[in-house]
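Have a look at the structure below before the remarks.
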Amino acid sequence: MRYVAGVGMVNCDLLYSGIPHMPREGEEVFASGFDMQLGGGVPAIMINLARLGVPVQFSTFLGEDTFSQFARAQLERYGVAYQNLYRGGGMPVNVTCVAITPGDRTFVSYRDRFPVTDEMKERIYRQFCGACIVRMHNGLYDVYAKVKRDHPEIVFVMDTGWADDLSLEKYGDYLQLADYYTPNCKEALKITGAARPEDAARSLSHYFKSAIVKLGPGGCLLQEDGRQEVLPALPGVKAVDATGAGDAFIAGFIYGLYHQYSVRDCVRLGNVTGGACVGAVGCLTGHMPEEELLRAVGKAS
């Protein structure tokens with residue numbers, strides 16, 4: 001069976017919405033909305049893919065704490081096949097308080113730290129070897145390199161996320177392994193040192209036949225064969241919360257790769273899934289069923 005694989009920490013988000021402003025130290029404000037959801041990262045991508053009918057297999061770290069139990073129930077609810085690599089007694093799930101104010105989001109996070117052992121890496125390797133697509137990120141380079149060496153036909157989709165030391169010098173080895181990289185504009189400018197997204201795409205085209213720079217509400221910049229095109233965002237979206245929009249884009253993009261659409265259509269699918277995400281609070285609330293997604297990009301039968 002063809003499936004998409006990934007590895008990552010589960011994030012559990014405590015979402016406080018409708019906050020008029022952030023309190024100063026020693027003060028308290030009340031939110032008008034609250035929810036507890038699984039957060040972003042690889043788990044959100046796997047859930048979004050599973051909801052679109054794509055088989056997934058996922059390696060993660062769950063304990064016996066309350067938040068790990070919540071995560072288990074959510075993964076099973078969405079039909080995500082996963083293997084748990086964690087055997088300790090701590091809380092390996094990353095728990096984040098998300099304060100959503102009119103202007104932005106603010107985060108406070110906590111999780112117990114633990115090493116990724118050789119046994120864990122071997123189990124991840126075995127799972128990846130059976131995949132057709134792997135979502136990769138910074139970390140576990142040795143596992144990705146071994147999989148790519150032994151199974152060059154597997155498609156790797158890279159996402160670095162933001163880091164203060166984001167640069168081609170630091171992450172160039174990962175980009176050499178990847179088939180696709182999906183940075184947002186801020187990340188693309190940082191990693192390339194470019195001043196404009198168009199220049200960042202040109203720099204990334206040295207690594208990728210199809211260079212991608214997400215532009216948020218401006219859509220997505222795609223460079224192929226030396227030509228650049230901006231593919232527009234999903235129209236008519238009233239943005240409520242951008243949490244998880246990047247993961248939703250990747251899910252739509254990988255959905256397209258899984259079904260062997262052109263890269264241009266994969267980006268269009270990602271724009272739609274990303275746009276649907278920002279219309280609701282949290283990473284997983286705003287989404288489209290498969291038929292509606294295909295209709296939105298003119299691919300429905």
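The values are calculated or read from the model by the stated rules, or taken from the named source; none is laboratory data. Note that the structure is a prediction, hence the values are computed from the model and not measured. Methodologically, a virtual Cβ is constructed for each residue, glycine included, from the backbone with ideal geometry; neighbour enumeration extends over all protein chains shown. For accessibility, only protein heavy atoms count, side chains too; no ligands or nucleic acids. Shrake-Rupley method; radii C 1.70, N 1.55, O 1.52, S 1.80 Å.
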What are the residues in the stretch 132-176 that are more than 20 Å from residue 203 (Cβ to Cβ) and part of a helix (DSSP H, G or I), if any? 141, 142, 143, 144, 145, 146, 147, 148, 149, 150
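Considering every residue within the stretch 68-90, establish whether at least one is under 30 Å from residue 24 (Cβ atoms) and not β-branched (Val, Ile, Thr).
no
Based on this model, can you work out whether residue 80 counts as at pLDDT 95 or above and either open to solvent by less than 40 Å² (accessible area, probe 1.4 Å) or not β-branched (Val, Ile, Thr) (or both)?
No, not satisfied.
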Residues located in the stretch 31-57, provided they are part of a strand (DSSP E or B) and either basic (Lys, Arg) or farther than 19 Å from residue 91 by Cβ (or both): 33, 34, 35, 56, 57
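When you go through 115, 92, 102 one by one, which is the residue that is touching a residue at least 60 places away in the same chain (Cβ under 8 Å) and surrounded by fewer than 17 Cβ atoms within 10 Å (Cβ to Cβ)?
The unique qualifying residue is 102.
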Could you please tell me which pairs satisfy a Cβ distance under 9 Å, a separation of 6+ or placement on different chains, a first residue in the stretch 190-217 that is closer than 10 Å to residue 228 by Cβ, and a second residue that is surrounded by 19 or more Cβ atoms within 10 Å (Cβ to Cβ) and hydroxyl-bearing (Ser, Thr, Tyr)? 201/192; 202/192; 211/181; 213/182
Can you tell me which of 233, 201, 296, 276 is surrounded by 17 or more Cβ atoms within 10 Å (Cβ to Cβ), under 17 Å from residue 160 (Cβ atoms) and among the aliphatic types (A, V, I, L, M)? 201
Count of the stretch 261-289 residues which are over 23 Å from residue 39 (Cβ atoms) and in a helix (DSSP H, G or I): 6
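With the condition kept exactly as written, say whether any residue in the stretch 66-86 is under 30 Å from residue 200 (Cβ atoms), touching a residue at least 40 places away in the same chain (Cβ under 8 Å) and assigned to a strand (DSSP E or B). Before the answer, list the steps.
Initially, the stretch 66-86 is screened for residues under 30 Å from residue 200 (Cβ atoms), giving none.
No, the stretch 66-86 contains no residue that is under 30 Å from residue 200 (Cβ atoms), touching a residue at least 40 places away in the same chain (Cβ under 8 Å) and assigned to a strand (DSSP E or B).
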Within the stretch 1-30, track down each residue that is within 15 Å of the chain's Cα centre (by Cα) and in a loop (DSSP other than H, G, I, E, B). 8, 9, 10
Could you tell me whether any residue of the stretch 232-251 is modelled with pLDDT under 85, over 20 Å from residue 36 (Cα atoms) and among the basic types (Lys, Arg)? yes
